[in-house]
Amino acid sequence: MDPAHFQAAVRGDVNEFPFCDIDKPGISTIFNKLSPLGNSMLHVAASYNHKEIVELMARNFPGLVSKTNNQEDTALHVAARTGNLETVATIVYCAKQIPTITSEADPSLLRMKNSKGNTALHDALLSLLASRDIDGTTSDKSLDLAALTLHLASQEPEVLYYQNKEGKSPLCLAVEFGREDILDYLLTVTAEVHGSDDRMPEGESPAHVAVKQKRLDLLKIIIQKKPELQRLRDEKGNTPLHCASSVGFIEGVRYLLEVNNDSVLERNEKGLYPLHVACKSGQVEISKKLLTKWADPTELLCNRGRNILHVAAKSGKQHVVTCIMEESISDKLINQMDNYGNTPLHLAVLRGHYYVVEILLRDNRLISTFKNNEGLTAYDIAANQSEILGTEFSENQITPGKKNVADHESSKAAGYTEKQPTKAHSKKSKTPHTFEAIMTLSIFACRSRRSLMNHCVSVEKRRLKRDGGRNEEVKKRINNLLVVATVIVGAAFAASIQMASAGGNANEKNSTNAIANDSLRWFHIYDTIAMHTSIVAAFLLCCAQLVAGYIASSIVHLVFRLLGISLYMTCVAFTITTGIAVRSNETYSEIIFVIHLIFIFVQSFVLIPFLLVSVKLKEGSILLLYYVYFLCDFHFNRRK
């Protein structure tokens, strides 16, 4: 396209070339040329709202009306985004006249989609959404776009059902905009054209969008104008009631049940009822409401044969579990097995939801000895997971190429087979974290009156057979480090007593002794740190000889760092005492200070990387978790 012709289209003067000579032969060559973005002169004129120029070109060159640019936009798309009703009306009118003039143009201009899957009506609504003011007021541009939207909808109501690449129809966009008048008009148009037939929009229903936005007013308009929209399901087979149950829209749930009480028994692709979805999402109030709609929830099972307590336990929603357990129907739910033999307790243990495990084990109606199809009780699963995680600590990592045993056991017990895709398998076979696994086993052991220590001992015996010489090596390290820690404690204690005595003999009040006294205070601070870190290290080393081998290994790593800090503090304290000793000779004092400074720098350079590059978080936290482990045991035993 010639730049001069492009500028002429921007200015929009009908008396300017080439528009003034549009009737002359051969002029079509100019109008068929495109800009770098693939825009014709009709696109350019439409974007600047030049109605007369647009009408002139559309009547003389009908092929331009349906011509698309690089984004597959027609001139109607461009005009719809600008919000000029007159320009849009002109293009629509000319497009409808084209079939009677020539067969060049496509009569379904309003149905044409661009590269984003948007029709002109989509673009008008998206522009309307974008033009909303922050303070909620309506601008003049919004009013123009609203009028334009209504005009396009009246010209081709069928387009209201078309879905773009984001899965949104114009009706859904109208709900997102939130204007009741526009939504009411659009639904009225569809009702007038299609009546009460079964025509449904593609993709998500506007009822789903209204529910997600928790707009009861818009939901009522949709159901009243087009009742059949509540039957539409999304890509996962969810009805609007499923969606309302998931997002916690209690007002929407009540209204949808009033309109169609039978929707409570509709299932999605996974076989989940709205009650299942509410329990899975932790919606207590909605769960209570839906529980009243069916007398026996044991009949409400998903494709895996799971009841509502299974779903709540697996999702770790302890408040929903408590709510269900308070209902009389929980007698039939608490020990019910799914298709894989798992009770709600099995699923809670598999996912490491220790709060749910505690709630279930607290109930006397629970039978915790039931075995699933793999022959495992819930306690067996908890013990296996704890042992497997402990094995990972001792080995630090799983051998490359070797399947994670914990994942395998969890997925096998939950009923996931090898035939499933790897991606889905890895996602669904997620094992609990270390803390969750240990807390689950702890609570389970306390409530089931099993000895947690006996379990730890049995696990340790099996490890001793496997680790053998490695444990002996750890013991040697413990003994060596214990000697070092004891020596540091003794040296720090002796130095503290000696310097305290020396400080007490200095009664002079001159400035030199005042500086010495200040230095002594700093000496005692560093000496105290060195002594106490060594004492803690020695205490931990004594404990390391009484606990499991893999925990002892973690303690050794921790003690090494504590002793490093202790030695560092001892060095600083020694530097201070040396400075006090030679304070009378300024030359010697400066030389010794420089020597100490150099070596402290070297020690820092060597020690700091070892302090920063610590062992894995799992290994470092295992000791703390075992404290929680036994404290939990003590706590629940006191409550019995």
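The values are calculated or read from the model by the stated rules, or taken from the named source; none is laboratory data. Keep in mind the model is a prediction, meaning the values are calculated, not measured. Neighbour counts run over all protein chains shown; Cβ positions are idealised from the backbone, glycine included. Surface accessibility is based on the protein's heavy atoms, side chains included, excluding ligands, DNA and RNA. Shrake-Rupley method; radii C 1.70, N 1.55, O 1.52, S 1.80 Å.
Quick one: of LYS165/LYS212; LYS67/LYS116; LYS165/LYS220; LYS225/LYS289; LYS226/LYS288, which pairs are farther than 23 Å apart, Cα to Cα?
Numbers: LYS165/LYS212 20 Å; LYS67/LYS116 17 Å; LYS165/LYS220 27 Å; LYS225/LYS289 26 Å; LYS226/LYS288 29 Å.
Where the Cα-Cα span goes over 23 Å, the pairs concerned are LYS165/LYS220; LYS225/LYS289; LYS226/LYS288.
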- Query: Taking θ as phi - 60°, what are the ³J(HN,Hα) couplings along the range 328-340 by the Karplus curve (6.51, -1.76, 1.60), each to the nearest whole Hz, with x for Gly and Pro?
  - Reply: 5, 6, 5, 4, 8, 8, 5, 10, 6, 9, 8, 5, 10
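Sort ASP331, ASP13, ASP123, ASP363 by accessible area with a 1.4 Å probe, largest first.
Numbers: ASP331 90, ASP13 65, ASP123 10, ASP363 30 Å².
Descending accessible area places them as ASP331, ASP13, ASP363, ASP123.
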- Item | Where a label projected 7 Å from the Cα of ASN15 along Cα→Cβ would reach, residues of the range 29-54 with amide N under 19 Å | 50-54
- Two-site label geometry, GLN71 and ASN339: point separation in nm, points 7 Å out along Cα→Cβ: 4.7
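Kindly provide the GluC sites (Glu not before Pro) of the range 1-108 that DSSP labels as loop, not H, G, I, E or B, and whose Cβ sees at most 16 other Cβ atoms within 10 Å.
Details: sites: GLU16, GLU52, GLU55, GLU72, GLU86, GLU104; in loops: GLU16, GLU72, GLU104.
Answer by residue number: GLU16, GLU72, GLU104.
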- With a Förster radius of 35 Å, plug the Cβ-Cβ distance of GLN213 and ASN303 into 1/(1 + (r/R0)^6) and report the FRET value to the nearest 0.05. 0.70
- Probe 1.4 Å, all protein chains in place: accessible area of HIS524 in Å², nearest 10? 60
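Subtract the Cα-Cα distance of ASN479 and LYS371 from 0.36 nm times their separation in residues, and report this length gain in nm to one decimal. Intermediate values should be presented prior to the final figure.
On the way: separation 108, 0.36 × 108 = 38.88 nm, distance 4.56 nm.
Difference between extended and current length: 34.3 nm.
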- Per residue, the convex hull enclosing the Cα atoms of the range 1-98 spans a volume in Å³ of 82
- Message: Taking a virtual spin label 7 Å from the Cα of LEU129 along the C-beta vector, which residues in the range 63-89 bring their backbone nitrogen under 18 Å of it?
- Response: 77-78, 80-83
- Between THR322 and GLU86, the two model label points (7 Å from Cα along the beta-carbon direction) sit apart by a distance in nm of 6.7
